[in-house]
1. Report yes if residue 75 is modelled with pLDDT under 90, outside any helix (DSSP H, G or I) and exposed (fewer than 15 other Cβ atoms within 10 Å of the Cβ), otherwise no.
2. Starting from the stretch 16-45, keep only residues that are within 19 Å of residue 98 (Cβ to Cβ), then list their pairs with residues that are outside any helix (DSSP H, G or I) whose Cβ atoms are within a distance under 8 Å, requiring at least 6 positions of separation or different chains.
3. Filter the stretch 84-99 down to residues that are over 12 Å from the mean Cα position of the chain (by Cα) and surrounded by fewer than 20 Cβ atoms within 10 Å (Cβ to Cβ) and give me whichever is farthest from residue 55 (Cα to Cα).
4. Can you tell me which condition residue 33 does not meet? The list is (1) surrounded by 15 or more Cβ atoms within 10 Å (Cβ to Cβ); (2) out of contact with any helix residue (DSSP H, G or I) (no Cβ under 6 Å at 6 or more places or on another chain), and all the others hold.
5. Which of the residues that make up the stretch 36-62 are closer than 27 Å to residue 13 by Cβ and either touching a helix residue (DSSP H, G or I) at 6+ places or on another chain (Cβ under 6 Å) or crowded, with 17+ Cβ neighbours inside 10 Å (or both)?
6. Taking the condition in contact with a helix residue (DSSP H, G or I) (Cβ under 6 Å, 6 or more places away or on another chain), in a helix (DSSP H, G or I) and over 22 Å from residue 3 (Cα atoms), does residue 65 pass?
7. Contact list please: Cβ distance under 7 Å, first residue in the stretch 67-90 and under 12 Å from residue 11 (Cβ atoms), second residue part of a helix (DSSP H, G or I), pairs at least six apart or on different chains.
């Protein structure tokens, strides 16, 4: 649980927060969540339950965005890296939330 708190509060180095937590972790979790939802849909699970599972991605994606955003605001992060990380993660979260 400590790792999640460190990430949420922005105490993870920006590179780790962006690439490991945001891009890789977010991508993998959203991929498997979407595949699981498709499997449920094809197995006859009620549509409302599948939609609920898909909507559950959004809080996860917002958690990732906030963690990376806060890490980008840390000391020792250049202005360009800050802007690129925040913009890149914002775009990534939007894409993950739409899929």
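The values are calculated or read from the model by the stated rules, or taken from the named source; none is laboratory data. What you see is a predicted model; the values in this text were computed from it and never measured. Every residue, glycine among them, receives a Cβ derived from its backbone with ideal geometry; neighbour counts consider all protein chains shown.
1. Against the criterion (modelled with pLDDT under 90, outside any helix (DSSP H, G or I) and exposed (fewer than 15 other Cβ atoms within 10 Å of the Cβ)), residue 75 qualifies.
2. From residues that are within 19 Å of residue 98 (Cβ to Cβ), the pairs are 30/99; 33/56; 34/99.
3. It comes out as 84.
4. Tallying (1) surrounded by 15 or more Cβ atoms within 10 Å (Cβ to Cβ); (2) out of contact with any helix residue (DSSP H, G or I) (no Cβ under 6 Å at 6 or more places or on another chain), residue 33 fails exactly one: (2).
5. Hits for the stretch 36-62 are 57, 58, 60, 61.
6. no
7. That search, which allows pairs on different chains as well, returns 67/7; 67/8; 67/17; 67/21; 71/14; 71/17; 73/82; 74/14.
Quick grid of which residues meet (1) within 9 Å of the chain's Cα centre (by Cα); (2) part of a helix (DSSP H, G or I); (3) within 19 Å of residue 85 (Cβ to Cβ):
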| site | (1), (2), (3) |
| --- | --- |
| 10 | no, no, yes |
| 15 | no, yes, yes |
| 22 | yes, yes, yes |
| 38 | no, yes, no |
| 48 | no, yes, no |
